[in-house]
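First the structure, then my questions, so here it is.
The values are calculated or read from the model by the stated rules, or taken from the named source; none is laboratory data. A quick note: this is a predicted structure, and the numbers were derived from the prediction, not measured. Cβ coordinates were reconstructed from backbone atoms using ideal geometry, including for glycine residues, and neighbour counts include every protein chain displayed. Just the protein is used for accessible areas: all its heavy atoms, side chains included, with ligands, DNA and RNA removed. Shrake-Rupley method; radii C 1.70, N 1.55, O 1.52, S 1.80 Å.
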Amino acid sequence: MSTTLATALLPTYPEPRVAFVEGDGVQLTDAAGRTYLDFAAGIAVVGLGHRHPAPLAAAHGQLDRLWHVSNLFATDPARVLAQLLSERMGGAHAFFCNSGTEANEAALKYARKATGKRGVIALEQSFHGRTLGALGVTGQPGKRGGFVDAGATFVPPNDVDALHAAMSEEIGLVLLEPVLGEGGVIPLEPEFVAAAREFDALLAFDEVQTGVGRTGTFFGFEHFGVTPDLVTMAKALANGLPIGCLLVSEHVAGAFAPGDHGSTFGGNPVSCAAAVAVCDTVDDELLAAVRANGARLLQGLAGLPHVVEARGRGLLAGAQLDVPAGPVVDAALDAGLVCLTSGADVLRLAPPLVVDASHVDTALSILEEVLNA
Ligand code: PLP
């Protein structure tokens, strides 16, 4: 294994063990020509698989026409994408940026402006990003480290009593991930979300990881039967090109005025053109397949050695292990399967949404071998 793969990069990540040079559907190829089954999808980003023809053609077409003009001018891709997302949410206004953390910053600012309140309730073990505002409302003290103080009251996921106890006059925003993607793959329960909706505060879903079909519905919140006020998105929206988005529901619209927020690259025509193609491709048929293959994956995971619990929604699956997850992910990579951790002892699988049953079975048999070793 080369030790020089990342030597000129700031070491904010562990040194990579593999360099990939090509992707095709659910397959990756490394620099030595070895192929891998991709059950990580670039951390739940490449939802339609590598080089999916729809966003590929849309991005190519846009690259050949216009790359950037700034938000001082209108472009079709951003306008069309905003319209599509608004329709999916049942009436909303979009602000485009470049990442999940930026989308959450926009949500935090919006909530302050709309409610005049600075208090936030968020979840223990949640993850909302690495900029100081988003990090402050991230419920993982280790990640906040010496960088920023807690910027929220944190409650355990699915603890309705703790949620009630945390609510006060000062709270303007309740910020929830439908499934805690980085915090152990913990799906929220409908009763907990319903309790959050009852408060006189804005309800925001961070759909950065769960959005765009990952859980078997376009938005993860659709499992709960509630209407949120704010939704943040990023990751899979443009299948790998950088994009982030804050959606503000019609019924709480109007708080931001010109000058309140902005982003030079936000709404980039190439990313937005790819995202339009992604939204058009994530149809009912694909969502049904995500639900079916996700159920198959969870059922298979539950029967593997060292798996204490299998949980998740759609194709965001977690296996709680009775051993550390890091070495399992490393061994799986050596065996040709790319997967992820979610905390110290949870194995996370977030394959492209286009996997079929045979990909799921292959991934499970590689994991069985690795966990039996
Ligand atoms: N919110 C959630 C739920 C995430 O999973 C992530 C990234 O993993 C983020 C926010 C931050 O997104 P980004 O890394 O694009 O800033």
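Do we have Phe154 as in a strand (DSSP E or B), within 16 Å of the ligand (Cβ to nearest atom) and in contact with an Asp or Glu (Cβ under 8 Å, 6 or more places away or on another chain) here?
Numbers: in a strand (DSSP E or B): yes; within 16 Å of the ligand (Cβ to nearest atom): yes; in contact with an Asp or Glu (Cβ under 8 Å, 6 or more places away or on another chain): yes.
Yes: the conditions hold for Phe154.
So if I check each of Ala350, Ala331, which one is under 20 Å from Gly181 (Cα atoms) and either among the hydrophobic types (A, V, I, L, M, F, W, C) or open to solvent by 10 Å² or more (accessible area, probe 1.4 Å) (or both)?
Working: Ala331 fails: under 20 Å from Gly181 (Cα atoms).
Unique residue meeting the criteria: Ala350.
What residue, of Arg118, Arg130, is more than 15 Å from the ligand (Cβ to nearest atom), at pLDDT 95 or above and open to solvent by 60 Å² or more (accessible area, probe 1.4 Å)?
Numbers: Arg130 fails: more than 15 Å from the ligand (Cβ to nearest atom).
Of Arg118, Arg130, the one residue that is more than 15 Å from the ligand (Cβ to nearest atom), at pLDDT 95 or above and open to solvent by 60 Å² or more (accessible area, probe 1.4 Å) is Arg118.
Another one. Quick one: Thr232 ticks every box in (1) within 16 Å of the chain's Cα centre (by Cα); (2) surrounded by fewer than 20 Cβ atoms within 10 Å (Cβ to Cβ) bar one, so which box is it?
(2)
Follow-up question, since we're still on this one. Are any of the residues in the stretch 65-76 open to solvent by 50 Å² or more (accessible area, probe 1.4 Å), hydrophobic (A, V, I, L, M, F, W, C), within 30 Å of Ser249 (Cα to Cα) and under 22 Å from the mean Cα position of the chain (by Cα)?
no
Still on this model: Yes or no: Asp283 of a type in the set (Asp, Glu), more than 16 Å from the ligand (Cβ to nearest atom) and either under 19 Å from Asn71 (Cα atoms) or in contact with a Cys (Cβ under 8 Å, 6 or more places away or on another chain) (or both)? Let's see the steps before the verdict.
Working: of a type in the set (Asp, Glu): yes; more than 16 Å from the ligand (Cβ to nearest atom): yes; either under 19 Å from Asn71 (Cα atoms) or in contact with a Cys (Cβ under 8 Å, 6 or more places away or on another chain) (or both): no.
Considered against the rule, which asks whether it is of a type in the set (Asp, Glu), more than 16 Å from the ligand (Cβ to nearest atom) and either under 19 Å from Asn71 (Cα atoms) or in contact with a Cys (Cβ under 8 Å, 6 or more places away or on another chain) (or both), Asp283 comes out as no.
Is the stretch 191-198 home to any residue that is open to solvent by less than 20 Å² (accessible area, probe 1.4 Å) and within 16 Å of the ligand (Cβ to nearest atom)? Reasoning before the result, please.
Kept after step one, since they are open to solvent by less than 20 Å² (accessible area, probe 1.4 Å), are these residues of the stretch 191-198: 192-193, 195-196.
Still in the list and also within 16 Å of the ligand (Cβ to nearest atom): 193.
The answer is yes; a qualifying residue exists.
Which count do you get for residues in the stretch 32-61 that are over 25 Å from the mean Cα position of the chain (by Cα) and open to solvent by less than 80 Å² (accessible area, probe 1.4 Å)?
Total satisfying the criteria: 3.
Which of the residues spanning the stretch 242-262 are within 16 Å of the ligand (Cβ to nearest atom) and surrounded by 19 or more Cβ atoms within 10 Å (Cβ to Cβ)?
Answer for the stretch 242-262, where residues must be within 16 Å of the ligand (Cβ to nearest atom) and surrounded by 19 or more Cβ atoms within 10 Å (Cβ to Cβ): Ile243, Gly244, Cys245, Leu246, Leu247.
May I ask you to say which residue of Gly151, Gly181 is over 24 Å from Arg311 (Cα atoms) and within 22 Å of the chain's Cα centre (by Cα)? I'd like the intermediate steps shown before the answer.
On the way: Gly181 fails: over 24 Å from Arg311 (Cα atoms).
Going through Gly151, Gly181 in turn, the sole match is Gly151.
Determine which member of the set Gly211, Gly216, Gly184, Gly172 is buried (at least 19 other Cβ atoms within 10 Å of the Cβ), within 11 Å of the ligand (Cβ to nearest atom) and not in a helix (DSSP H, G or I). It would help to see each step written out before you state the result.
Working: Gly216 fails: within 11 Å of the ligand (Cβ to nearest atom); Gly184 fails: within 11 Å of the ligand (Cβ to nearest atom); Gly172 fails: within 11 Å of the ligand (Cβ to nearest atom).
Criteria check complete, one pass: Gly211.
When the stretch 66-104 is examined, which residues are found to be touching a residue at least 12 places away in the same chain (Cβ under 8 Å), among the small types (Gly, Ala, Ser) and away from the ligand (no atom under 16 Å from the Cβ)?
Ser70, Ala78, Ala82, Ser86, Gly90, Gly91, Ala92, Ala94
I need every pair where a residue in the stretch 200-215 that is basic (Lys, Arg) has its Cβ under 9 Å from the Cβ of a residue that is at pLDDT 95 or above and assigned to a strand (DSSP E or B), sequence separation at least 6 or different chains.
Going by the 9 Å Cβ cut-off, the qualifying pairs are Arg214/Val179; Arg214/Arg313; Arg214/Leu316.
Given the conditions (1) away from the ligand (no atom under 16 Å from the Cβ); (2) within 28 Å of Val307 (Cα to Cα); (3) open to solvent by less than 50 Å² (accessible area, probe 1.4 Å), and given that Leu123 satisfies all but one, which numbered condition is not satisfied?
Among (1) away from the ligand (no atom under 16 Å from the Cβ); (2) within 28 Å of Val307 (Cα to Cα); (3) open to solvent by less than 50 Å² (accessible area, probe 1.4 Å), Leu123 violates only (1).
Mind listing just one residue for me: the one in the stretch 199-208 that is within 16 Å of the ligand (Cβ to nearest atom) and over 21 Å from Asn293 (Cβ atoms) and, of those, nearest to the chain's Cα centre (by Cα)? Quick ask: steps written out before the conclusion?
Initially, the stretch 199-208 is screened for residues within 16 Å of the ligand (Cβ to nearest atom), giving 203-208.
In the following step, the residues that additionally are over 21 Å from Asn293 (Cβ atoms) were identified as 203-206, 208.
Values: Leu203: 18, Ala204: 14, Phe205: 11, Asp206: 8, Val208: 3 Å.
Per the stated criteria, the residue is Val208.
Could you please tell me which pairs satisfy a Cβ distance under 6 Å, a separation of 6+ or placement on different chains, a first residue in the stretch 33-55 that is within 20 Å of Ala335 (Cα to Cα) and in the same structural domain as Val338 (by TED's automatic domain parsing), and a second residue that is assigned to a loop (DSSP other than H, G, I, E, B) and more than 13 Å from the ligand (Cβ to nearest atom)?
If the second residue must be assigned to a loop (DSSP other than H, G, I, E, B) and more than 13 Å from the ligand (Cβ to nearest atom), the pairs left are Tyr36/Gly336; Asp38/Val26; Phe39/Cys339; Phe39/Pro351; Ala40/Cys339; Ala41/Pro351; Ala41/Pro352.
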